[in-house]
Amino acid sequence: MQAAISVLGMGRMGSALARALLKAGHPTTVWNRTPAKAAPLGAAGAEVAASVHNAVAASEIVIVNVSDYAATESLLRNGAVAAALKGKLLIELTSGTPAGAREVQDWAGRHGIRHLDGAILATPDFIGTEAGTLLVSGPAPVFEESRTVLGALGGNVQFVGEDPGLANALDSAVLALMWGALFGALQSIAVCRAEAIDIETLGRQWSATAPVIDGLVADLIKRSAAGRYAADDETLSTVAPHYGALHHLVELMAARGIDRTITDGYEAIFRRAIDAGHLHGDFASLSLFMGRPAHA
Ligand SMILES: NC(=O)c1ccc[n+]([C@@H]2O[C@H](COP(=O)([O-])OP(=O)(O)OC[C@H]3O[C@@H](n4cnc5c(N)ncnc54)[C@H](OP(=O)(O)O)[C@@H]3O)[C@@H](O)[C@H]2O)c1
C-alpha cells in the first residue's frame, strides 16, 4: 500500500504534483483555496478536502505548493493545523529563499513536525516524468524515508544537503544561469530589430554558437571551482578581449537607443576586475568580483 499524501495548492504545479502521486498509486487528498481548481483532481480520483485542517489530518505526508512562503505560513501557522501536523512529514515544494526554508524548519522543529524543503527545477509537464528534476534539502534520514514519494514526482530527485536552505539556494543559482541566457537573448533580439536583421537568423546563429557558449560556461565553472584565475596555457580567453568586444556592443546599443541597463552591469563588474589588475587574467577572475563567499 502506497503512503497517503495530502497536497495543499492546486495551481498549475500543485495539480501536476497531485496527478503524479495518483498515477503512482498514492491515496491522495487535495485542497485549494479556490475550490473549483481542486475539482478536476477529484474527478481524477483524489479526495477533495473541505479545509486545510481536514487535508492535513487525512495523511501522514503533507506536500505544500502555493505561490510563496507567506501563503504557506497563512495556511499552516495556526494552532489546529500545527497540532494536526505534529509527528507528520511536511514537504515544502513552494519556491522560496534559503532563509525562508531555514525559518520553516525552525517553526516545524518547534511544533514536532518533520520537514523537507524542495525546489522544483521543472515545468508542470515534466512532473512525474524521468526528466523531472527536484532538489531536496533537510535531514538525510527523512529524505531517505521519502525517496519513493519524491521519486513519483520526477526521475531526477537530488538530495543536496542537510541545511534546509540548500535546495532554494541552488535553485536560485540555476535561475541566475537561466536568466543570463534569457536576458542575453532579449538584448540580441533588440540588436537584430535595431539593425533590421531577421530574428530567425538569430535562431540559426544561436544553434551554431550554443556549443561554444556551453563550453565557455563549463570552463568558467571548472576554473572557478579550482581557483585558476590567472591566465595559463588552457585559458580560452582573458578579460581583455571580452572587455573590448563589450564596447562594440555598447557603442551599437548607444547609437540605436537600445536599453543598456544590463551592459552597464557588465561594465561595472569588468571595471572592478580591471582596476584590481585582472585585465590579462582568465575570464574566471571576474568571479572574484561578484561578492563575498559564505566562508570568506
Ligand atoms: N509553474 C512552474 O513552471 C513552476 C516551476 C517551478 C516551481 N514552481 C513553483 O510552484 C509554486 C506554484 O506555482 P504555480 O505555477 O502552480 O502557480 P499558480 O498556478 O499561480 O498557483 C498558485 C497556487 O497558490 C495558491 N495560493 C496563492 N496564494 C495563496 C494564499 N494566500 N492562500 C492559499 N493559497 C494560495 C493558489 O490558490 P488559488 O487557486 O486559490 O489562487 C494556487 O493554488 C510557486 O512557488 C512556483 O514558484 C512553479
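The values are calculated or read from the model by the stated rules, or taken from the named source; none is laboratory data. Just so it is clear, the model here is predicted, and its values are computed rather than measured. Don't worry about glycine lacking a Cβ; one is built from the backbone with ideal geometry, like all the others, and counts go over all protein chains shown. Each accessible area value is taken on the protein alone, full model and side chains, heavy atoms only, with ligands, DNA and RNA left out. Shrake-Rupley method; radii C 1.70, N 1.55, O 1.52, S 1.80 Å.
Report the residue, chosen from 65, 54, 78, that carries the largest GNM mean-square fluctuation when the chain is represented by alpha-carbon nodes joined by springs under 10 Å.
78
Hey, rough spin-label estimate for residue 83 and residue 188, points 7 angstrom out along Cα→Cβ, what's it come to in nanometres?
That separation, rounded to one decimal, is 5.9 nm.
Quick one: net charge around residue 156, please, counting Lys, Arg +1 and Asp, Glu -1 for every other residue with C-beta under 15 Å from its C-beta.
Once positives and negatives cancel, what remains is -2.
Could you tell me the largest-minus-smallest coordinate of the C-alpha atoms of segment 5-161 on each of the three principal axes, in descending order and whole angstroms?
The principal-axis extents, from largest down, are 37, 33, 24 Å.
Just to check, using Stokes-Einstein with a Kirkwood Rh over alpha carbon pairs, what's the diffusion coefficient of segment 52-110 at 20 °C and 1.002 mPa s in µm²/s?
Result for D is 185 µm²/s.
Just to confirm the number: angle between the C-alpha axis of helix 239-256 and the first principal axis of the chain, 0 to 90 degrees, nearest 10?
Once rounded, the angle reads 90 degrees.
Measure nothing fancy, just the Cα-based angle from helix 261-275's long axis to the longest principal axis of the chain, in degrees from 0 to 90, nearest 10.
Between the helix axis and the principal axis of the chain, the angle is about 60 degrees.
Please compute the modelled spin-label separation between residue 260 and residue 217, points set 7 Å along Cα→Cβ, answer in nm with one decimal.
Each label point lies 7 Å from its Cα, and together they span 2.7 nm.
Write down, largest first, the equivalent ellipsoid semi-axes of segment 198-289 in whole Å, where each equals the square root of 5 times an eigenvalue of the alpha-carbon gyration tensor.
After diagonalising the Cα gyration tensor, the semi-axes are 25, 19, 10 Å.
In whole percent, and with a 1.4 Å probe on the protein chains, what portion of the accessible area of the chain is carbon and sulfur?
For the chain, the apolar C and S fraction of the accessible surface comes to 59 percent.
Going 7 Å from the Cα of residue 245 toward and past its Cβ, which residues in segment 210-230 have a backbone nitrogen under 15 Å from where you end up?
210-220, by backbone N distance to the label point.
Towards the positive end of the charge dipole of the chain, with charges on Cβ (+1 Lys, Arg; -1 Asp, Glu), say which of 152, 61, 191 has the farthest Cα.
Toward the positive end, the furthest listed residue is 61.
Tilt of helix 98-110 relative to the longest C-alpha principal axis of the chain, in degrees (0 to 90, nearest 10)?
20 degrees
At 0.36 nm per residue, minus the direct Cα-Cα distance, what do residue 36 and residue 54 gain on full extension? Give it in nm, one decimal, please.
Gain on stretching residue 36 to residue 54: 4.8 nm.
Kirkwood hydrodynamic radius of the chain from all distinct Cα pairs, in Å?
22.0 Å
Give me the extension gain from residue 97 to residue 4: residue separation times 0.36 nm, minus the current Cα-Cα distance, reported in nm with one decimal.
Full extension from residue 97 to residue 4 adds 30.7 nm.
Report the local net charge at residue 133: Lys and Arg +1, Asp and Glu -1, summed over other residues whose C-beta lies under 14 Å from its C-beta.
Once all neighbours under 14 Å are counted, the net charge is -3.
Starting from the 7 Å offset along Cα-to-Cβ, what nm value, one decimal, do you get for the label separation of residue 173 and residue 210?
2.4 nm
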